[in-house]
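Scroll down for the structure; my scribbles are underneath it.
The values are calculated or read from the model by the stated rules, or taken from the named source; none is laboratory data. In this text the structure is predicted, and so the values were computed from the model without any measurement. Please note: Cβ atoms are built from the backbone with ideal geometry, for glycine as well, and neighbour counts cover all protein chains shown.
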Amino acid sequence: MYGVTDRELSVAVVRELKLPISVDEFEMQLSDSAKKLLPSAPLKEGAERLLIHLGNNNIPLALVTNSTAHAVRMHATERPELFGLFHHKVSITDSEVNRGKPHPDIYVLAASKFPAKPRPDKCLVFEDSRVGVEAAVRAGMQVRTMYDLCI
């Protein structure tokens, strides 16, 4: 499920799977699992090298994600220097985000937070999901995909 909070996900999973636990209990288990797994989650191949290169060349960077701000913080705990390269981070749970990907809103918001306020066609998005590509295209931005190869 894309573009939902942990609470919304928990409600949907417990309801759809008819789990014999409460939504609160499921959400707590989800949070506990995330705390264990997210900090050490692997990066996409080449992502660190690319981000460092862009940062070293003063290319403004933003992280735009359908993940929660909490999940972003957990990812960042193991890689503070890398996550520090981002001028700003925009997540689905930010109060300014009305709709997540595939809607373009989250990308439009992210671009507006740069001091230079770049036009959408001057923004380059690296995306790893279909809904993210759709959102960036709908925002009028250039997109490069970085899908996982699964066989």
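Taken over segment 23-45, residues that are over 26 Å from residue 146 (Cα atoms) and either among the polar types (S, T, N, Q) or surrounded by 15 or more Cβ atoms within 10 Å (Cβ to Cβ) (or both) amount to 6. Restrict the check to segment 95-106 and report whether at least one residue is surrounded by 12 or more Cβ atoms within 10 Å (Cβ to Cβ) and in contact with a Phe, Trp or Tyr (Cβ under 7 Å, 6 or more places away or on another chain). Yes, the conditions are met somewhere in segment 95-106. In this entry, residue 30 passes the filter for residues that are touching a residue at least 24 places away in the same chain (Cβ under 8 Å), farther than 26 Å from residue 113 by Cβ and within 18 Å of the chain's Cα centre (by Cα).
Looking across segment 8-35 at every residue that is charged (D, E, K, R) and in a helix (DSSP H, G or I), the one that is modelled with the lowest pLDDT is identified as 8. Please verify whether segment 74-85 includes one or more residues that are closer than 25 Å to residue 140 by Cβ and outside any helix (DSSP H, G or I). So far as segment 74-85 goes, yes, one or more of its residues are closer than 25 Å to residue 140 by Cβ and outside any helix (DSSP H, G or I). From the list 67, 40, 91, the lone residue that is polar (S, T, N, Q) and more than 14 Å from the chain's Cα centre (by Cα) is 40. Here residue 58 clears all of (1) in the same structural domain as residue 120 (by TED's automatic domain parsing); (2) surrounded by 14 or more Cβ atoms within 10 Å (Cβ to Cβ); (3) more than 25 Å from residue 147 (Cβ to Cβ) except the condition numbered (2). With respect to residue 110, determine if the residue is free of Cβ contacts under 8 Å to residues at least 12 places away in the same chain, touching a strand residue (DSSP E or B) at 6+ places or on another chain (Cβ under 9 Å) and either in the same structural domain as residue 131 (by TED's automatic domain parsing) or not in a helix (DSSP H, G or I) (or both). For residue 110, the condition - free of Cβ contacts under 8 Å to residues at least 12 places away in the same chain, touching a strand residue (DSSP E or B) at 6+ places or on another chain (Cβ under 9 Å) and either in the same structural domain as residue 131 (by TED's automatic domain parsing) or not in a helix (DSSP H, G or I) (or both) - is not met.
Of all residues in segment 113-129, those satisfying the criterion of being outside any loop (DSSP other than H, G, I, E, B) and either touching a Cys at 6+ places or on another chain (Cβ under 6 Å) or free of Cβ contacts under 8 Å to residues at least 24 places away in the same chain (or both) are 120, 121, 122, 124, 127.
Listed here are the residues, each with its yes/no results for (1) without any contact (Cβ under 8 Å) to a residue 12 or more places away in the chain; (2) among the aliphatic types (A, V, I, L, M); (3) in contact with a Phe, Trp or Tyr (Cβ under 9 Å, 6 or more places away or on another chain).
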site: 34; (1), (2), (3): no, yes, no
site: 39; (1), (2), (3): no, no, no
site: 45; (1), (2), (3): yes, no, no
site: 54; (1), (2), (3): no, yes, no
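Of the residues making up segment 64-93, just one is surrounded by fewer than 16 Cβ atoms within 10 Å (Cβ to Cβ) and touching a Lys or Arg at 6+ places or on another chain (Cβ under 7 Å), namely 88.
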